[in-house]
Amino acid sequence: MTRSEQLFERALRVIPGGVNSPVRAFRSVGGTPFFVTSADGAMLYTADGRQLIDFVCTWGPAILGHNHPAIKAAIATALENGTSFGTPNPYEVEIAELIVRFVPSIRKVRLCNSGTEATMSAIRLARGFTRRDKIIKFAGCYHGHSDSLLIKAGSGALTHGYPDSAGVPAAFARETIILPFNDPAAVAAAFAANPDQIAGIILEPYPANVGLILPEPGFLASLRTQCTAHGTLLIFDEVMTGFRLARGGVQELEGITPDLTTLGKIIGGGLPVGAFGGRADIMDCLAPLGPVYQAGTLSGNPLAMAAGIAALKLLEESNPYPRLNRLGREVQDALLAAARKKGLPLQVPQVGSMFAVFFTATPVRDYTTALTSDAALFGRFFHGCLDRGVYLPPSAYETAFLSTAHEGTAVARACQIMTDAIAAL
Ligand SMILES: *Cc1c(COP(=O)(O)O)cnc(C)c1O
């Protein structure tokens with residue numbers, strides 16, 4: 001038995017499924033997860049002495065690679081002064097100023113501890129502000145695991161076949177209207193059927209938890225127009241895309257101004273963090289100024305803030321986005337060329353440092369078309385890559401990520417390995 005197998009056996013006895021987040025289990029690709037003891041740059045080092053090129057990047061946050069010296073140094077400095085104060089600390093002001101400067105629609109921001117907290121709080125705020133109960137979400141978009149949002153969700157909820165979780169009261173689910181992505185007419189119909197009842201529309205502007213889906217021209221603009229016309233708040237969940245595709249997220253790329261935005265992942269520099277922000281008049285409805293309650297013992301934690309500030313400053317100074325996009329193209333080209341040679345239908349949507357691998361002839365534009373991907377074939381491709389030294393997300397419905405540390409040899413080697421894995425299918 002390998003050391004990872006031994007650890008997993010122990011984990012199974014004391015942790016449900018052996019993992020603290022379902023996406024880490026290998027249930028959809030088969031086999032058991034490996035344990036990682038350290039990570040550096042583009043590489044993971046496993047408990048079994050293996051070295052893997054990492055295309056998961058801790059599910060998004062590690063855009064600058066693992067174990068970045070400047071982020072590590074920032075955490076070490078903060079650590080010298082204590083880990084939590086339960087009072088305001090200067091780091092909170094600094095990161096809030098950075099977020100407000102970089103993200104076009106955010107005038108005020110509140111920090112919390114995870115993306116789930118951010119989206120849950122943004123939904124409560126939208127309901128409190130508009131005094132309406134219903135929200136619209138899109139099938140396949142994942143917004144964390146709070147009750148209102150865990151309906152037809154992507155990510156682990158989809159991979160493991162529970163898009164509608166047990167434990168979500170039907171009465172809550174009724175307040176969430178699920179629509180297909182890229183279908184502005186469906187949104188118009190929902191507004192017509194629920195006049196003056198819809199508090200907000202929440203979406204991943206580039207859905208990245210059902211593989212990767214890109215909005216068709218005009219879709220995001222149509223949401224903005226319809227929300228404005230109906231007094232409904234437009235909420236961009238940029239937990240994944242914020243600071244990954246541009247400092248200002250998809251809203252900067254697409255020139256669309258949401259009312260509220262949620263952030264997480266990259267803004268914590270690898271430590272647990274979330275944030276939500278937007279129009280000042282809406283944000284001022286939060287306690288202690290307004291009637292919408294939201295709180296957190298460890299919110300604005302100095303270590304997490306220090307790591308996040310370091311990451312955001314590095315992204316500002318180095319502007320890696322054009323380089324990351326070239327890297328993403330390189331991977332997309334290699335995968336498509338390998339599939340053509342093999343005569344396999346393959347879709348590889350890519351934007352910046354994000355890409356997904358769908359084994360289907362159908363262009364993927366929403367949840368239904370994403371599900372046409374051959375998950376069993378993906379499982380074989382996944383293990384073919386893993387055996388050869390490349391770690392992809394262990395699910396046919398997740399996005400893969402690149403970091404600045406992948407530039408040069410790591411990406412070239414990974415392209416060769418993925419090409420070989422496709423040839424061997
Ligand atoms: C990861 C993610 C979340 C949830 O964030 P957690 O920190 O895992 O709670 C929410 N929305 C999107 C778009 C995400 O990618």
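The values are calculated or read from the model by the stated rules, or taken from the named source; none is laboratory data. Just so we're clear, the structure is a prediction, and the values are computed from it rather than from any experiment. Glycine also receives a Cβ, built like all others from the backbone with ideal geometry; neighbour counts cover every protein chain displayed.
Structure above, values below:
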{"item": "Gly308 being surrounded by 21 or more Cβ atoms within 10 Å (Cβ to Cβ), modelled with pLDDT of 95 or more, within 17 Å of the chain's Cα centre (by Cα) and within 12 Å of the ligand (Cβ to nearest atom)", "result": "no"}
{"item": "Only one of Leu220, Leu212 that is within 16 Å of the ligand (Cβ to nearest atom), farther than 24 Å from Arg110 by Cα and assigned to a helix (DSSP H, G or I)", "result": "Leu220"}
{"item": "Hits in the range 261-285 - residues which are within 15 Å of the ligand (Cβ to nearest atom) and either over 29 Å from Ile75 (Cα atoms) or surrounded by fewer than 20 Cβ atoms within 10 Å (Cβ to Cβ) (or both)", "result": "Leu271, Pro272"}
{"item": "Answer residue from the range 94-151, given it is more than 23 Å from Leu253 (Cβ to Cβ) and touching a His at 6+ places or on another chain (Cβ under 6 Å) and is nearest to the ligand (Cβ to nearest atom) among those", "result": "Thr116"}
{"item": "Cβ-Cβ under 8 Å pairs, at least 6 apart or on other chains, the range 273-293 side assigned by TED's automatic domain parsing to the domain that holds Arg124, far side small (Gly, Ala, Ser) and in a strand (DSSP E or B)", "result": "Val273/Gly264; Gly274/Gly264; Ala275/Gly264; Met283/Gly277"}
{"item": "Some residue of the range 194-208 being in a helix (DSSP H, G or I) and either in the same structural domain as Ala370 (by TED's automatic domain parsing) or not small (Gly, Ala, Ser) (or both)", "result": "no"}
{"item": "Selection from the range 237-258 of residues that are within 13 Å of the ligand (Cβ to nearest atom) and within 20 Å of Ile309 (Cα to Cα)", "result": "Glu238, Val239, Met240, Thr241, Gly242, Phe243, Arg244, Leu245, Gly249"}
{"item": "Residue in the range 3-14 that is more than 29 Å from Arg323 (Cα to Cα), of a type in the set (A, V, I, L, M, F, W, C) and touching a Lys or Arg at 6+ places or on another chain (Cβ under 6 Å) present", "result": "no"}
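So that you can scan it fast, the table gives a plain yes or no per residue for (1) at pLDDT below 95; (2) in a loop (DSSP other than H, G, I, E, B); (3) in contact with a Cys (Cβ under 6 Å, 6 or more places away or on another chain); (4) surrounded by 13 or more Cβ atoms within 10 Å (Cβ to Cβ):
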site	(1), (2), (3), (4)
Met1	yes, yes, no, no
Glu9	no, no, no, no
Asn20	no, yes, no, no
Val23	yes, no, no, yes
Phe26	yes, yes, no, yes
Pro33	no, yes, no, yes
Asp40	no, no, no, yes
Gly49	no, yes, no, no
Ile53	no, no, no, yes
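The rows are residues; the columns are (1) in a helix (DSSP H, G or I); (2) free of Cβ contacts under 8 Å to residues at least 40 places away in the same chain.
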residue: Pro345; (1), (2): no, yes
residue: Thr360; (1), (2): no, yes
residue: Pro363; (1), (2): no, yes
residue: Leu377; (1), (2): yes, no
residue: Gly384; (1), (2): yes, no
residue: Asp387; (1), (2): yes, yes
residue: Arg413; (1), (2): yes, no
residue: Ile422; (1), (2): yes, no
